[in-house]
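Chemist: Okay, handing you the structure first.
Nothing in this text is a laboratory measurement; each read-out follows from the coordinates by a stated rule. Every value quoted in this text rests on a predicted model; they were computed, and no experiment measured them. Neighbour counts are summed over all protein chains in view; Cβ atoms, including those assigned to glycine, are modelled from backbone coordinates with ideal geometry.
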Amino acid sequence: MKKIAILGSTGSIGTQTLDIVSKNDDLQVVGIAAGRNIDLLEKQIRQFSPRLAAVGDEKRAQELKLRVQDTKCKVVGGMEGLIELAVMEEAEILVTAIVGMIGIRPTIAAICAGKHIALANKETLVTAGHIIMPLAKEHHVKILPVDSEHSAIFQALNGESPKTIEKLLITASGGPFRGKKTEELKNMRVEDALKHPNWAMGQKITIDSATLVNKGLEVMEAKWLFDVDLDRIQVVVQPQSVIHSMIEFKDGSIMAQLGTPDMRLPIQYALYEGERKYLDGERLDFAKLAAITFENPDMETFKGLPLAMQASKTGGSMPTVFNAANEKAVALFLNRKIGFLDIYEIIENAMNEHELILNPTVEEILNIEQDIYKRIEGRW
């Protein structure tokens, strides 16, 4: 029986993780956590009977505690509660599916406690990769990618030496606005940006897909996960979302991972640490697949990707600035306070005004995040 804890059980990745657990008798959930959604968290507690539940919002944690007092589940709140869940003695793997930089401290605590990490929280490596990866190596902890693109590379590397990698080819769908130019994006609404052509995801990541920020974050992550320089990572638009990513090896061979756009596949592959298990759902039918096509990303229109590459090349605290500015900008866009193209302007301004810290600590990373938030709130 493999025991897991889930940080962010009420979001898209969290609920799909629980779907996998419900269909596999050798998986058990011992802890679940959410930021605020205690209605769904209560249902999950009653269905999966975890020993511990954590809520980021302390007031809501108290409310949940009253609601589930008839169960054996202990309820904790705030950052201390999230960390308590991350280091649960009986958990072997922590699924980090919570959105935002709130996931950094619990992830570090879990690594120090020897827990393997099924990583779906982009911000952890984007902002603190220089801390996370050496720490994981020190504690002999596996960082198992859940993102479909990184999972594809992880799968393609199975049986291969990382030393033989020539180049990583990370695929992108192009998002809902693929093919459009800057002038056409000026009046795009929230509803338009949330219509992803292939994937069912949470709101924030869907907007990030529309701006190509998400692909930029994935490039930053890949650099840390696979120890590959940025100049050996190429983004290719593959609109059908059939090829999830590829590796070009030193001999010219290319290994690609293909499949339907179902996030449960990379989640399950991470939970079982690379062991193949049956998964229900649609299968690729190559007889019906009309074509698999490729394009270069439009970096002039969709500035999220080149801005991310710039932040990663600069290094130090700049990826934190990029990430924090994007988080705040996306929140403003979802609340209809700014236009779609304003997201790029906010990110670019934040990066231009930042005084670089070469090797930021966790405290400095979190302080920079709050500083960026305040600056943006003061202007927008």
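Chemist: Between 332, 169, 358, which gets the highest mean-square fluctuation from a Gaussian network model of the chain, Cα cutoff 10 Å?
Modeler: Highest fluctuation among the options: 358.
Chemist: Among 140, 244, 116, rank each residue by its count of other Cβ atoms within 10 Å, from fewest to most, as a rough exposure measure.
Modeler: Details: 140 9, 244 25, 116 22.
Ascending number of Cβ neighbours within 10 Å: 140, 116, 244.
Chemist: Return the calculated 222 nm mean residue ellipticity for the chain, to the nearest 500 deg cm²/dmol, obtained by summing -39500 (n - 2.57) across DSSP H runs with n ≥ 4 and dividing by the residue count.
Modeler: Values: 16 runs with 172 residues, N = 380.
Computed mean residue ellipticity for the chain: -13500 deg cm²/dmol.
Chemist: Something else about it: Check residue 6: other-chain or 5+ apart residues with amide H under 5 Å from its amide H, H built from backbone geometry?
Modeler: Sorted by chain and number, the residues that satisfy this are 31, 32, 33, 95.
Chemist: Using a Gaussian network model of the chain whose springs link C-alpha atoms within less than 10 Å, name the residue from 97, 256, 110 with the highest mean-square fluctuation.
Modeler: In the Gaussian network model the winner is 256.
Chemist: Taking H as built 1.01 Å from N, whose amide H comes closer than 5 Å to the amide H of residue 202, not counting residues under 5 places away?
Modeler: It is 12, by chain and number.
Chemist: Follow-up question, since we're still on this one. So what's the convex hull volume per residue for the Cα atoms of region 267-380, in Å³? Write down the numbers at each step before the final one.
Modeler: Numbers: hull volume 23.0 nm³, N = 114.
Cα convex hull per residue, to the nearest whole number: 202 Å³.
Chemist: Compute the normalised compactness of region 323-380: alpha-carbon radius of gyration over 2.2 N^0.38 Å, N being the residue count.
Modeler: 1.13
Chemist: Only sites in a loop by DSSP and with at most 11 other Cβ atoms within 10 Å count here; which trypsin sites (Lys or Arg not before Pro) in region 280-380 make the cut?
Modeler: Sites meeting the loop and neighbour criteria: 283, 288, 336, 337.
Chemist: Ordered by residue, what ³J(HN,Hα) values in Hz, to whole numbers, does region 34-51 give under the Karplus form 6.51 cos²θ - 1.76 cosθ + 1.60, where θ = phi - 60° and Gly and Pro are x?
Modeler: Couplings: 9, x, 9, 6, 7, 5, 5, 4, 4, 4, 5, 4, 6, 7, 9, 6, x, 6 Hz.
Chemist: Give me the percent relative contact order of the chain, please, defined on Cα pairs under 8 angstrom at least 6 residues apart.
Modeler: Numbers: 682 pairs, mean separation 55.0, N = 380.
After rounding, I find 14 percent.
Chemist: What FRET efficiency comes out for the pair residue 342/residue 70, r = Cβ-Cβ distance, R0 = 45 Å, nearest 0.05? Write down the numbers at each step before the final one.
Modeler: Details: r = 48 Å, r/R0 = 1.07.
So the FRET efficiency works out to roughly 0.40.
Chemist: Give me a comma-separated list of calculated 3J(HN,Hα) values for region 260-271, in order, Karplus coefficients 6.51, -1.76, 1.60 applied at θ = phi - 60°, integers in Hz, x for any Gly or Pro.
Modeler: 6, x, 10, 5, 5, 5, x, 5, 5, 4, 6, 4
Chemist: Further question on the same structure: Tell me the Kirkwood hydrodynamic radius of region 133-289 in angstroms, computed as one over the mean inverse distance between distinct C-alpha pairs. Present the calculation step by step, with values, prior to reporting the outcome.
Modeler: Numbers: mean 1/r = 0.0595 Å⁻¹.
Across region 133-289, the inverse of the average 1/r is 16.8 Å.
Chemist: With θ set to phi - 60°, apply the Karplus curve 6.51 cos²θ - 1.76 cosθ + 1.60 along region 181-192 and write out the HN-Hα couplings as whole Hz, x wherever there is a Gly or Pro.
Modeler: Listing the rounded values in order: 10, 3, 4, 6, 8, 4, 10, 5, 9, 4, 4, 5 Hz.
Chemist: Distance check, please: which entries in 163/250; 223/313; 142/223; 142/313 exceed 18 angstrom between their Cα atoms? It would help to have the intermediate numbers written out before the result.
Modeler: Values: 163/250 9 Å; 223/313 11 Å; 142/223 16 Å; 142/313 26 Å.
Pairs exceeding the cut-off: 142/313.
Chemist: Please compute the Kirkwood hydrodynamic radius of region 225-301 from all pairs of different C-alpha atoms, in Å with one decimal. All intermediate terms of the calculation are to be shown ahead of the outcome.
Modeler: Numbers: mean 1/r = 0.0665 Å⁻¹.
Mean inverse Cα-Cα distance, inverted, gives 15.0 Å.
Chemist: Right, something else. Select from 206, 48, 338 the residue farthest towards the positive end of the dipole of the chain; place +1 on Cβ of Lys and Arg, -1 on Cβ of Asp and Glu, and compute about the Cα centre.
Modeler: 48
Chemist: May I ask you to sort 278, 272, 344 by Cβ crowding, counting other Cβ atoms within 10 Å and putting the fewest first? Present the calculation step by step, with values, prior to reporting the outcome.
Modeler: Details: 278 7, 272 17, 344 23.
Placing the least packed residue first, the sequence is 278, 272, 344.
Chemist: Still on this model: First select every other residue whose beta carbon is under 12 angstrom from the beta carbon of residue 334; then total the charges, Lys and Arg +1, Asp and Glu -1.
Modeler: Details: positive: 189, 204, 328, 336, 337; negative: 191, 208, 327.
That sum, taken over residues with Cβ under 12 Å, equals +2.
Chemist: Rounded to two decimal places and with Rh computed the Kirkwood way over Cα pairs, what is Rg over Rh for the chain? Provide the component values of the computation, followed by the final result.
Modeler: Details: Rg = 20.1 Å, Rh = 21.2 Å.
Expressed as Rg/Rh, it is 0.95.
Chemist: For residue 245, what charge total do you get from the other residues with a beta carbon under 10 Å from its beta carbon, if Lys and Arg give +1 and Asp and Glu give -1? Kindly include the intermediate steps, with their values, before the conclusion.
Modeler: Working: positive: none; negative: 147, 149, 218.
Result for the neighbourhood of residue 245: -3.
Chemist: Within a Cβ distance under 15 Å of residue 71, other residues only, what is the Lys/Arg minus Asp/Glu net charge?
Modeler: Working: positive: 43, 46, 51, 65, 67, 72, 74; negative: 42, 63, 70.
Spelling it out: positives minus negatives among the neighbours equals +4.
Chemist: Another one. As a test of the definition: which semi-axes, in Å, follow for region 106-201 when you take the square root of five times each eigenvalue of its alpha carbon gyration tensor? Largest first, please.
Modeler: Numbers: eigenvalues 220, 68, 28 Å².
Three semi-axes, in Å: 33, 18, 12.
Chemist: What nm value, rounded to one decimal, do you get for the distance between residue 49 and residue 236 when each label is placed 7 Å out toward the C-beta?
Modeler: Output for this residue pair reads 4.9 nm.
Chemist: Under a Cβ-only charge scheme (Lys and Arg +1, Asp and Glu -1), can you give me the dipole magnitude of the chain about the Cα centre, in debye to the nearest 20? Write down the numbers at each step before the final one.
Modeler: Values: 44 positive and 52 negative charges, 151 e Å.
With only Lys, Arg, Asp and Glu charged at Cβ, the dipole is about 720 debye.
Chemist: Within 10 Å of each candidate Cβ there may be at most 14 other Cβ atoms; applying that plus a DSSP loop requirement, which GluC sites (Glu not before Pro) in region 85-181 survive? Mind showing how you got there, number by number?
Modeler: On the way: sites: 89, 90, 92, 123, 138, 149, 160, 166; in loops: 89, 90, 92, 160.
Here the sparse-neighbourhood loop sites are 89, 90, 160.
Chemist: So how far, in whole Å, is the C-alpha centre of region 235-275 from the one of region 29-72?
Modeler: 34 Å
Chemist: What GluC sites (Glu not before Pro) does region 260-325 have in DSSP loop regions with at most 12 other beta carbons within 10 Å? Each step should come with its number before you reach the end.
Modeler: Numbers: sites: 273, 275, 282, 295, 300; in loops: 273, 275, 282, 300.
Of the GluC sites (Glu not before Pro), the ones in loops of region 260-325 whose Cβ has at most 12 other Cβ atoms within 10 Å are 275, 282, 300.
Chemist: Let me ask you something else. Only bridges with both residues in the chain count here: give the DSSP antiparallel percent, nearest 5. If you can, show how the numbers build up before the last one.
Modeler: On the way: 11 of 41 bridges.
About 25 percent, rounded to the nearest 5.
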